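Colleague: Take a look at this one; I'll ask things after.
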Amino acid sequence: MTRLKRARKHRENEEPAINLTPLIDVVFSILIMFIVVAPLLELDQVILADSSSDSESQHIAVKEEGAITIHVHQNNTIWLNQKVVDIANLTTLLKLEKKHNPSQRPQIYHDKRAHFGTYQSVKNSVEAAGFEQMDVILKPI
């Protein structure tokens, strides 16, 4: 056999190899990125009431005439203390309410048919106004 034939025969017997090094590098890079970014994510926590049978007898009375009430209606209109407000002005108005009633927490009445984005915008305005807590009031059906 000639040298050329042996080289061809050697190539035919070789199994094709897949280089996984670039794939592994990309996977490790993404993993490291998630490990670095995960602690920086800010997550909101909502503490839910206990659903045991004992809690059914203990209902918390809520005054709808609280000092700071925000109603989000089905059509996504926002009412602050029985007055229609624009989401752009809500932070400013809430800052004024915070000055007049520093110990009060805003009470949010959000219609279940309203968009969640409206709730998120209201929540962001409440936080930007300096409130650390707010009450989300759910009305039973």
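Colleague: Using the per-residue mean of other Cβ atoms lying within 10 Å as a proxy for protection, in what order, highest first, do the peptides 15-22, 74-81 fall?
Modeller: 74-81, 15-22
Colleague: Another question about this same structure. Could you state the principal axis extents of the C-alpha atoms in the stretch 61-137, from the largest down, to the nearest angstrom?
Modeller: 31, 31, 21
Colleague: Got the relative contact order for the stretch 61-137 handy, in percent, Cα pairs under 8 Å and 6 or more residues apart? Could you put the intermediate results ahead of the total?
Modeller: Numbers: 105 pairs, mean separation 28.0, N = 77.
Relative CO of the stretch 61-137 lands at 36 percent.
Colleague: Right, another one. For the stretch 70-141, which trypsin sites (Lys or Arg not before Pro) are in a loop by DSSP, counting at most 16 other Cβ atoms within 10 Å?
Modeller: Numbers: sites: 83, 95, 98, 99, 112, 113, 123; in loops: 112, 113.
For trypsin sites (Lys or Arg not before Pro) across the stretch 70-141 that sit outside H, G, I, E and B with at most 16 neighbouring Cβ atoms in 10 Å, the list reads 112, 113.
Colleague: Let me ask another. Would you grab the residues whose amide H sits under 5 Å from the one on residue 136? Only those 5+ places off in sequence or on another chain, please, with H modelled 1.01 Å from N.
Modeller: 108
Colleague: Please give the net charge around residue 98, taking every other residue with its beta carbon less than 11 angstrom from that of residue 98, where Lys and Arg add +1 and Asp and Glu add -1.
Modeller: Summing Lys/Arg as +1 and Asp/Glu as -1 gives +1.
Just so you know, all these numbers are worked out from the coordinates, no wet-lab data involved. Everything quoted here is computed from the prediction, not taken from an experiment. A quick note on method: Cβ atoms are made from the backbone with ideal geometry, for glycine too, and the neighbour counts reach across all protein chains shown.
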